Amino acid sequence: MKHLSKIVLFYLLTSVGNAADPTCHWPNNQILDSIVPIESGENSHASGVVVSNNLVITAAHVLEDYYDTAVEINDALYLASVLLVDKEADIALLSVRTDNLYPIPLSKYDLYESQEVWAAGYPRAQDLHTSSGNFVSKKAEAIHTSAGIDSGESGGGLLSCEHGEFVLAGMLRGYGAYRTERGLVRLEDYSISVAASDIKFTLDLGNLSFNQY
């Protein structure tokens, strides 16, 4: 492995509670339908999460054109208004009609060691992809897990289980990769997410209402 170097983060286009419940096996359609595709400008295809009525979060770095950002809701594409962008936290808040989609509640707890998580988003502007993994660590306010993701899943949901219900533990932000002489190679079982606590902080700054479990 002499050609490998350090793992790099590739960006895509505290209270601890014992809240996990083994009855959560896989996110159901009600939850997964609230992970939505996002288009911004001509070249950016990403993902978002419905967190409240007519409010969607996504990753700030995927917004190519603030005035031409659209969200797909129930197979229809709607132009969104960008309410707030926090580039440092990599969070953007969009106002768009969400119809009957279920707002996924934000988690109130930190993930604990090896807790099961699920990552859901739209890789490469294709169909929704969901993977499972485990919490690995939290570094510099970012959540690291073994749930694999691909390009285009930025802004999607990192889900966990609390009291038998799925909640939003974080927002997908990027994946890990290692460098070889031929370039970067994506790690199949590594992802980085913005923590739910940081999402809540950003929503609070904007005086925006949201669901919290």
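The values are calculated or read from the model by the stated rules, or taken from the named source; none is laboratory data. Remember, it's a predicted structure, so these values are computed and weren't measured experimentally. Because the Cβ atoms are built from the backbone with ideal geometry, glycine has one as well, and the counts that use them run over all protein chains shown.
Mind counting the residues in segment 63-76 that are surrounded by 12 or more Cβ atoms within 10 Å (Cβ to Cβ) and either hydrophobic (A, V, I, L, M, F, W, C) or not in a loop (DSSP other than H, G, I, E, B) (or both)? It would help to see each step written out before you state the result.
Of all residues in segment 63-76, those surrounded by 12 or more Cβ atoms within 10 Å (Cβ to Cβ) come to 63-66, 68-74.
Filter once more, so that each one left must be either hydrophobic (A, V, I, L, M, F, W, C) or not in a loop (DSSP other than H, G, I, E, B) (or both): 63, 69-73.
Counting residues in segment 63-76 that are surrounded by 12 or more Cβ atoms within 10 Å (Cβ to Cβ) and either hydrophobic (A, V, I, L, M, F, W, C) or not in a loop (DSSP other than H, G, I, E, B) (or both) gives 6.
Give me the residue from segment 166-179 that is modelled with pLDDT of 95 or more and not aliphatic (A, V, I, L, M) and, out of that set, surrounded by the most Cβ atoms within 10 Å (Cβ to Cβ).
Taking segment 166-179 as the starting set, the residues that turn out to be modelled with pLDDT of 95 or more are 166-173.
Next cut, not aliphatic (A, V, I, L, M) only: 166, 170, 173.
Details: PHE166: 25, GLY170: 30, ARG173: 27.
So, considering only residues that are modelled with pLDDT of 95 or more and not aliphatic (A, V, I, L, M), the one surrounded by the most Cβ atoms within 10 Å (Cβ to Cβ) is GLY170.
Search segment 93-122 for residues being part of a strand (DSSP E or B) and over 13 Å from the mean Cα position of the chain (by Cα), and hand back the single one that is surrounded by the most Cβ atoms within 10 Å (Cβ to Cβ). Steps first, please.
Step one: filter segment 93-122 for residues part of a strand (DSSP E or B), giving 93-95, 106, 110, 116-121.
The next check asks that each one be over 13 Å from the mean Cα position of the chain (by Cα); those that pass are 94-95, 110, 116.
Values: LEU94: 29, SER95: 15, ASP110: 18, GLU116: 19.
Once the filter is applied, the top-ranked residue is LEU94.
On the basis of being buried (at least 20 other Cβ atoms within 10 Å of the Cβ) and at negative phi, does THR130 make the cut?
Numbers: buried (at least 20 other Cβ atoms within 10 Å of the Cβ): no; at negative phi: yes.
In short, no.
Name the residue, out of GLY148, GLY164, GLY152, that is under 18 Å from ILE31 (Cα atoms) and of a type in the set (Gly, Ala, Ser).
Working: GLY148 fails: under 18 Å from ILE31 (Cα atoms); GLY152 fails: under 18 Å from ILE31 (Cα atoms).
None of the others qualify; the one that does is GLY164.
Is there a residue being in contact with a Phe, Trp or Tyr (Cβ under 8 Å, 6 or more places away or on another chain) and among the charged types (D, E, K, R) anywhere in segment 168-176?
Yes, the conditions are met somewhere in segment 168-176.
Kindly check whether there is at least one residue in segment 78-92 that is in contact with a Phe, Trp or Tyr (Cβ under 6 Å, 6 or more places away or on another chain), closer than 18 Å to PHE166 by Cβ and part of a strand (DSSP E or B).
Initially, segment 78-92 is screened for residues in contact with a Phe, Trp or Tyr (Cβ under 6 Å, 6 or more places away or on another chain), giving 82.
Keeping just the survivors that are closer than 18 Å to PHE166 by Cβ gives none.
Looking through segment 78-92, none of the residues is in contact with a Phe, Trp or Tyr (Cβ under 6 Å, 6 or more places away or on another chain), closer than 18 Å to PHE166 by Cβ and part of a strand (DSSP E or B).
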